[in-house]
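Okay, so here's the structure we're looking at.
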Amino acid sequence: MKRLLLLLPSNSYRAAAFVTACEEVDARVVIGVDESQASTQFGDSRVVQFNFSDPVSGAREIKAFAADNPVDAIVPAEEDAVLLAAHAAQALGLLHNNVDAVTATRDKFKLRTVLTAAGLPQPIFKLLADAKDLENIDPVGFPCIVKPTNLAASRGVIRANDVSQLKAAFARVSDILAGSALDKPPILVEEYLPGEEVALDGLMDQGELHLLALFDKPDPLTGPFFPETIYITPSRRSSTERVRIEQTVLDAAVALGLFHGPIHAELRINEGQVHLLEIAARSIGGRCGSSLRFAGGFSLERLILSHAIGEKGPGYQREQCAVGVMMIPVLKGGILRAVQGLDVARGGADVEAVHISIPLGQRVTPLPEGRHYLGFIFTRSSRPETAEASLRRAYDALDVFIEPLESGSDL
């Protein structure tokens with residue numbers, strides 16, 4: 001029986017889904033976590049703590065563990081684990097993505113540099129070392145996007161239409177990065193590209209891309225901030241566009257050296273040209289993956305684990321229906337006091353589930369500073385249009401009550 005190490009950060013939305021998949025897959029699975037208390041969440045002696053914050057040190061720990069507990073494959077469940085997985089797999093001589101490739105996916109400046117050198121369409125970009133660089137951002141121009149190089153999920157991403165907005169955005173992103181261990185906050189400014197966005201989930205199998213899902217993002221993402229809201233699959237883009245999107249993702253993966261395992265990409269289509277904005281060495285984040293089901297009743301998490309151990313038989317074909325997921329946005333900061341209308345939302349046509357992820361009484365923070373959504377809505381329908389309409393009706397049924405913080409409060 002194959003032996004698999006699943007690296008699962010303790011703050012993952014996907015813990016339950018991956019633990020269920022571990023029970024289903026034909027392998028001995030050990031769960032690597034980043035906090036000792038996570039062992040009570042995940043169960044028994046299958047749980048081992050490793051250093052996620054320092055991938056080199058964590059890889060040494062995994063190599064030492066594997067000396068007495070051999071490992072055939074390592075799977076990162078979330079973004080926080082991808083670099084540790086790459087270092088550890090390299091140390092153990094396992095099939096893996098190149099460490100430099102994974103590093104580039106986690107640094108937006110490196111990502112832009114590699115993809116531009118490979119000839120892939122990219123927005124014009126420039127690295128801002130400090131405030132004096134704001135005086136001249138040529139050749140980027142306005143409008144532009146200011147973003148940290150090392151954060152995900154739209155955190156710290158701000159559109160600026162002129163110099164004053166650029167300076168305000170730079171200061172705001174600098175504040176977000178104030179706790180960074182880096183000496184200087186890494187901030188990127190890049191050309192704003194109008195257009196519509198899509199997202200692609202796939203599995204790289206030794207250089208070959210298997211498409212798992214192509215999502216439309218029907219809500220306009222024009223700024224000043226860029227909260228993810230609705231994802232719908234199958235995509236309603238033309239067949240020509242779908243082929244072009246898939247080829248762009250494959251070209252980017254090859255250029256970077258993403259060779260094996262799950263990938264997630266975000267792309268924007270501008271005047272018929274496909275621009276890859278982000279690509280990650282993991283599957284879709286949050287609870288969004290639970291919307292996907294595959295041949296044989298496999299969940300996305302089960303498919304990822306089966307692929308990692310080389311299990312024969314799992315199909316990459318998604319079920320023949322439309323699905324939608326909405327990440328419920330945090331619209332203002334404060335203390336979450338109540339979410340009303342849940343029964344109505346859950347009872348709507350085609351609604352599969354409505355989950356509120358943040359406990360009542362907890363502080364919530366909107367983008368660009370915030371990093372969490374209020375929750376998720378899932379729909380399943382015969383057509384993409386009805387899956388989307390059902391998401392919107394369910395969201396409209398919710399009344400979210402957030403108590404503003406008192407001035408000067410640091411709760």
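In table form, for the structure just shown:
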| read-out | value |
| --- | --- |
| Every residue from segment 64-74 that is buried (at least 16 other Cβ atoms within 10 Å of the Cβ) and part of a helix (DSSP H, G or I) | Phe65, Ala66 |
| Residue within segment 197-213 that is more than 22 Å from Glu369 (Cα to Cα) and without any contact (Cβ under 8 Å) to a residue 12 or more places away in the chain present | yes |
| Members of segment 137-153 that are hydrophobic (A, V, I, L, M, F, W, C) and not in a loop (DSSP other than H, G, I, E, B) | Cys144, Ile145, Val146 |
| Helices (runs of 4 or more DSSP H) enclosed by segment 299-401 - at least 3 residues per element that are touching a Pro at 6+ places or on another chain (Cβ under 7 Å) | 300-308 |
| Top-ranked residue in segment 45-62 [being of a type in the set (Ser, Thr, Tyr) and assigned to a loop (DSSP other than H, G, I, E, B); ranked as surrounded by the fewest Cβ atoms within 10 Å (Cβ to Cβ)] | Ser45 |
| Residue in segment 268-298 that is surrounded by the fewest Cβ atoms within 10 Å (Cβ to Cβ), counting only those that are in a loop (DSSP other than H, G, I, E, B) and aliphatic (A, V, I, L, M) | Leu292 |
| Residue ID - surrounded by the most Cβ atoms within 10 Å (Cβ to Cβ), chosen from residues in segment 94-133 that are under 30 Å from Ala67 (Cβ atoms) and polar (S, T, N, Q) | Thr105 |
| Members of segment 209-230 that are touching a Phe, Trp or Tyr at 6+ places or on another chain (Cβ under 8 Å) and over 22 Å from Ile158 (Cβ atoms) | His210, Leu211, Leu212, Phe215, Asp216 |
| Residue that is at pLDDT 95 or above and within 28 Å of Ala171 (Cα to Cα), where the choices are Lys132, Lys147 | Lys147 |
| Some residue of segment 164-184 being hydrophobic (A, V, I, L, M, F, W, C) and within 22 Å of Ile269 (Cβ to Cβ) | no |
| Meets criteria (modelled with pLDDT of 95 or more and either more than 22 Å from the chain's Cα centre (by Cα) or loosely packed, with under 14 Cβ neighbours inside 10 Å (or both)) for Thr386 | yes |
| Residues (surrounded by fewer than 17 Cβ atoms within 10 Å (Cβ to Cβ) and either touching a strand residue (DSSP E or B) at 6+ places or on another chain (Cβ under 7 Å) or hydrophobic (A, V, I, L, M, F, W, C) (or both)) located in segment 245-267 | Val254 |
| Within segment 363-383, tally of residues that are surrounded by fewer than 20 Cβ atoms within 10 Å (Cβ to Cβ), more than 22 Å from the chain's Cα centre (by Cα) and in contact (Cβ under 8 Å) with a residue 60 or more places away in the chain | 2 |
| Tally of residues being on the phi > 0 side of the Ramachandran plot and of a type in the set (S, T, N, Q) across segment 196-224 | 1 |
| Residue match in segment 327-339 (condition: of a type in the set (Lys, Arg), surrounded by 14 or more Cβ atoms within 10 Å (Cβ to Cβ) and touching a residue at least 24 places away in the same chain (Cβ under 8 Å)) | no |
| Subset tally (residues that are in a loop (DSSP other than H, G, I, E, B), buried (at least 17 other Cβ atoms within 10 Å of the Cβ) and among the small types (Gly, Ala, Ser)) for segment 75-93 | 1 |
| Leading residue by the ranking (farthest from Ile309 (Cα to Cα)) among those in segment 188-242 that are assigned to a loop (DSSP other than H, G, I, E, B) and β-branched (Val, Ile, Thr) | Thr222 |
| Within segment 196-237, considering residues that are over 28 Å from His260 (Cα atoms) and of a type in the set (S, T, N, Q), the one modelled with the lowest pLDDT | Thr229 |
| Options Val140, Val114: the member that is among the β-branched types (Val, Ile, Thr), more than 23 Å from Ala280 (Cβ to Cβ) and more than 19 Å from the chain's Cα centre (by Cα) | Val140 |
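The values are calculated or read from the model by the stated rules, or taken from the named source; none is laboratory data. Bear in mind the structure is a predicted one, so any value in this text is a computation, not a measurement. Please note: Cβ atoms are built from the backbone with ideal geometry, for glycine as well, and neighbour counts cover all protein chains shown.
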